[in-house]
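The values are calculated or read from the model by the stated rules, or taken from the named source; none is laboratory data. Here the structure is a predicted model, which means the values were calculated and not measured. Here the Cβ positions follow ideal geometry from the backbone for every residue, glycine too, while neighbour counts run over all protein chains shown. When the accessible area is computed, the model is the full protein with side chains, heavy atoms only, and any ligands, DNA or RNA have been set aside. Shrake-Rupley method; radii C 1.70, N 1.55, O 1.52, S 1.80 Å.
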Amino acid sequence: MLVYRYDQVESTQDLAKDYLKNKNKKIAAFVAQSQTNGYGKQGRFFYSPAQTGIYFSIAFPNFEIVQDKINLLTPCIATYVVDVLRKFYPQKDFLLKWVNDIYLENKKVAGILTEYENNSLIIGVGINVTMHNFPEGIKFKAGYISDTFFEYKKMTNELLQAVELASKNYGQVQFMEQYVNCPG
């Protein structure tokens, strides 16, 4: 997987879309320290200030969807992301909310966005790791994972690997037991 890293972008999801428009053939990840126009499901704004979270999108050119398993893709990704978060924060009780949100202490700390178009897949992940000050419109529902320093590069790399692996394994239903048993 190619990995492109940026200090600030409008949206990693838009970078991935532009990458795919150029008919590139390799899987590529776009990682940013911050986004000025990040978005989630249904185009909702995703607040992503510098050095407080992990924000990335992965472009999968010519992705072959398993039609009867497509509804398993996002839950599989969410399960794999939670596995990585639990590795770094074993004392935290992460919860999955159908289909694309990860919660901690009744507040959303991460979101996953999957978009499939023109035979290509884009998976976006946004995680609030140390962020405290949220805008007025979301401060009662958005949360963060920790008050302490986090291993940004190591955690990001493990998350990228996990999402790539999930994109290959979503047709296998072994992860579903963990997904349905993770309260949320």
Accessible-area composition of the chain, carbon plus sulfur, in percent [1.4 Å probe]: 48
Value of relative contact order over the chain, rounded to a whole percent, pairs C-alpha under 8 Å and six or more apart: 23
Entries of 23/69; 108/168; 25/168; 97/141; 23/153; 92/153 with Cα pairs more than 23 Å apart: 23/69; 108/168; 23/153
Computed helical MRE - 222 nm, the chain, DSSP H runs ≥ 4 contributing -39500 (n - 2.57), nearest 500: -8500 deg cm²/dmol
Additional length obtainable on full extension of the chain from residue 68 to residue 116, 0.36 nm per residue less Cα span: 15.8 nm
Relative packing of peptides 100-106, 30-36, 55-61 - highest average C-beta neighbours within 10 Å first: 55-61, 30-36, 100-106
Lys/Arg +1, Asp/Glu -1 at C-beta; region 1-149 dipole; positive extreme among 88, 131, 143: 88
Rounded if a/c under 1.5, otherwise prolate or oblate - the chain, Cα gyration tensor axes: oblate
